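Colleague: Let me give you the structure first, and then I'll get to my questions.
The values are calculated or read from the model by the stated rules, or taken from the named source; none is laboratory data. Just so it is clear, the structure is predicted and the values come from calculations on it, not from any experiment. Quick reminder, even Gly has a Cβ in these numbers, built from the backbone with ideal geometry, and neighbours come from all protein chains shown.
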Amino acid sequence: MRTFLERDIISGIQAQYEGQKGEGLIKGIGDDCAVFRKEGNDLFLITIDTLVEGVHFDLSWHPPHLLGRKAASVNISDISAMAGTPRFALLSLALPDPSAANWLDDFLSGFRSVLEEFGVILIGGDTVKSGRGAMFSICMTGEVGENRILFRSGARPNDIIWVAGRLGEAGAGLALCQNGRAGERNDWQGLVRAHLDPKAQVRLGTLLGKSGLASAMIDLSDGLATDLAHLCKESGIAGEIDADRIPMSAELIAAARELQVSPLDWAIRGGEDYLLLFTAASEHGEALQLVAKEAKAEIFPVGRIFVGKGVFLLTGKNREEISYQGFDHFRG
């Protein structure tokens with residue numbers, strides 16, 4: 001019997017609704033946000049994400065305040081991936097037992113703190129009882145000018161692939177938490193924070209959209225191998241990553257040595273970094289670095305786009321396909 005993965009389920013849903021056109025709809029399934037025409041040259045963005053206890057978080061080591069922050073940030077990251085500005089949020093809570101959820105005030109405090117950082121207003125939601133564990137579902141809206149929006153589908157052959165930060169830190173932080181070693185060393189705290197409290201790169205996303213330099217963009221939620229594969233599929237091209245150019249911190253490499261795992265595996269497959277990945281023509285490198293400096297961000301060229309299908313990793317003289325080898329809810 002065939003095993004269906006997350007992308008198979010999404011493709012099946014997309015196929016059933018392919019060809020449906022609503023008035024004002026610019027983009028439906030297949031990108032970080034759905035896109036509608038708002039008024040004039042302004043576009044309306046909308047996205048939804050769900051966090052489930054035991055899948056996305058473990059309450060035994062994820063503080064409620066930071067969990068609230070993460071719940072907001074991962075949705076705002078989808079808006080930033082399309083160069084948009086976040087505006088409004090809806091929050092749906094499913095709680096197993098109100099008497100066992102005394103941490104809810106702390107969760108909501110963390111959620112609100114991130115909304116306030118980006119000028120987002122909570123406008124509604126839903127609250128229900130859960131039969132097993134807590135679950136949070138957030139709908140986020142945003143807006144972007146039509147001449148500034150970045151889709152996954154704009155990458156072209158000979159474009160350079162860029163990432164906005166050092167990869168794998170959230171995956172390393174998760175491993176440290178799971179192994180009960182999160183508080184063991186001070187130099188690991190940045191890795192732990194990367195998992196518990198990711199930061200959406202809204203400023204960089206909006207500046208890239210404004211600059212007109214980037215051709216396509218996505219945020220890294222499921223790992224480089226999977227998210228670049230999504231971008232390549234939507235753009236109808238292939239991507240190649242040079243392992244030697246993947247930016248990794250000294251702290252990550254030290255943690256990988258201590259836990260006896262591959263730091264490259266965290267960087268490629270770890271997921272939940274919520275950093276921006278984008279493509280741009282090769283001649284834009286210097287100008288892109290100026291944009292990153294204005295956004296107070298680091299960006300690194302890690303590979304190239306070429307004619308074909310799939311995502312490939314170069315390690316020395318070896319070349320292997322790594323398409324969709326990041327996180328998938330239904331793998332294994």
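Colleague: Let me confirm something: among 181, 203, which residue is in the same structural domain as residue 275 (by TED's automatic domain parsing), over 21 Å from residue 62 (Cα atoms) and surrounded by fewer than 18 Cβ atoms within 10 Å (Cβ to Cβ)?
Modeller: One residue alone meets the criteria, 203.
Colleague: Does residue 222 satisfy the condition of being over 14 Å from residue 305 (Cα atoms) and touching a Gly at 6+ places or on another chain (Cβ under 6 Å)?
Modeller: On the way: over 14 Å from residue 305 (Cα atoms): yes; touching a Gly at 6+ places or on another chain (Cβ under 6 Å): yes.
Considered against the rule, which asks whether it is over 14 Å from residue 305 (Cα atoms) and touching a Gly at 6+ places or on another chain (Cβ under 6 Å), residue 222 comes out as yes.
Colleague: Restricting attention to region 257-280, which residues are within 12 Å of residue 173 (Cβ to Cβ) and not in a loop (DSSP other than H, G, I, E, B)?
Modeller: 259, 266
Colleague: Could I ask something else about it? Hand me the list of strands (runs of 3 or more DSSP E) wholly inside region 94-177 holding 3 or more residues that are buried (at least 16 other Cβ atoms within 10 Å of the Cβ).
Modeller: Result: 135-145, 160-163.
Colleague: Ok, one more. Considering each residue of region 43-98, count those that are under 16 Å from the mean Cα position of the chain (by Cα) and of a type in the set (Lys, Arg), and give that number.
Modeller: 2
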